[in-house]
Amino acid sequence: MKYIYDLSYDQWQAWVKEQGLPLFRAEQIYTWLSRGIARTDEMLNVPKKIRQLLDDSFTIQGMICEDKQVSKLDGTIKYGFRLADGNRIESVRMLYKHGQSVCLSSQAGCRMGCTFCASTGAGFGRNLTSGEMLAQVAVIARDTKERVSHVVIMGIGEPLDNYDAVVSFLKNINHPKGLNISLRHISVSTCGLVPEMLKFTD
């Protein structure tokens, strides 16, 4: 089943329409997901029948935090997440004067082979979905009880090797009905995939 975080706002509108539900339900669901929920029963203003429909239609527990390390120096937090298929990724929360920033992973492992990078040694598992990237930010914001204002796609993996999902993630995280993080506050790091870099600038 599809991970519940993978759907864009437009796709949620299409889904509720297919189910014969009013359009405002799409906004309710999308808003709850932007708050990093892990269970549908946390959607307090969504009827039980719709929550059950969501449970039957989507994977909810697609990303579970198994490890959390907090730096005594500056409060930086490293999260270890296990995905539904058993792959593991890491995300880092950093606190600056300008706000809370999250460094997220775009792949489970990496196939670029950069000798200076720890991701190479883990081997390559698979690309992350746009929802798995979005969930990293939403779950960390909920855990810290602070809004995430900046995002860096510089964790495990090469973002431009997972081009379509990364672009979808950028559109979702920028959506005003969701996390609404400005694109000017998002950095995409690459080891230098030139064709994808040119495509991205276009």
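The values are calculated or read from the model by the stated rules, or taken from the named source; none is laboratory data. Because the structure is predicted, anything quoted here is derived from the model rather than measured. Every residue, glycine as well, gets a Cβ built from its backbone with ideal geometry; the counts of neighbours run over all protein chains shown. Each accessible area value is taken on the protein alone, full model and side chains, heavy atoms only, with ligands, DNA and RNA left out. Shrake-Rupley method; radii C 1.70, N 1.55, O 1.52, S 1.80 Å.
Taking Thr120 as meeting all but one of (1) farther than 21 Å from Lys78 by Cβ; (2) open to solvent by 30 Å² or more (accessible area, probe 1.4 Å); (3) polar (S, T, N, Q), write down the number of the exception.
(1)
Between residues in region 116-129 that are on the phi < 0 side of the Ramachandran plot and touching a residue at least 24 places away in the same chain (Cβ under 8 Å) and residues that are of a type in the set (Ser, Thr, Tyr) and assigned to a loop (DSSP other than H, G, I, E, B), which pairs lie under 8 Å by C-beta distance while being six or more apart or on different chains?
Asn127/Ser106; Leu128/Ser105; Leu128/Ser106
Report every pair of residues separated by at least 6 positions or lying on different chains whose Cβ atoms are under 6 Å apart, first residue within region 63-78 and within 25 Å of Tyr5 (Cα to Cα) and without any contact (Cβ under 8 Å) to a residue 24 or more places away in the chain, second among the acidic types (Asp, Glu) and open to solvent by less than 90 Å² (accessible area, probe 1.4 Å).
none
Report yes if Gln107 is more than 15 Å from the chain's Cα centre (by Cα), closer than 24 Å to Ile64 by Cα and modelled with pLDDT of 95 or more, otherwise no. Even if it seems obvious, please write down each step before you answer.
On the way: more than 15 Å from the chain's Cα centre (by Cα): no; closer than 24 Å to Ile64 by Cα: yes; modelled with pLDDT of 95 or more: yes.
So Gln107 fails the test.
Output yes when any residue across region 157-170 is in contact (Cβ under 8 Å) with a residue 60 or more places away in the chain and open to solvent by 80 Å² or more (accessible area, probe 1.4 Å), and no when none is.
No, every residue in region 157-170 fails to be in contact (Cβ under 8 Å) with a residue 60 or more places away in the chain and open to solvent by 80 Å² or more (accessible area, probe 1.4 Å).
So how many residues does region 54-86 have that are outside any strand (DSSP E or B), open to solvent by 40 Å² or more (accessible area, probe 1.4 Å) and in contact with a strand residue (DSSP E or B) (Cβ under 6 Å, 6 or more places away or on another chain)?
Within region 54-86, residues that are outside any strand (DSSP E or B), open to solvent by 40 Å² or more (accessible area, probe 1.4 Å) and in contact with a strand residue (DSSP E or B) (Cβ under 6 Å, 6 or more places away or on another chain) number 1.
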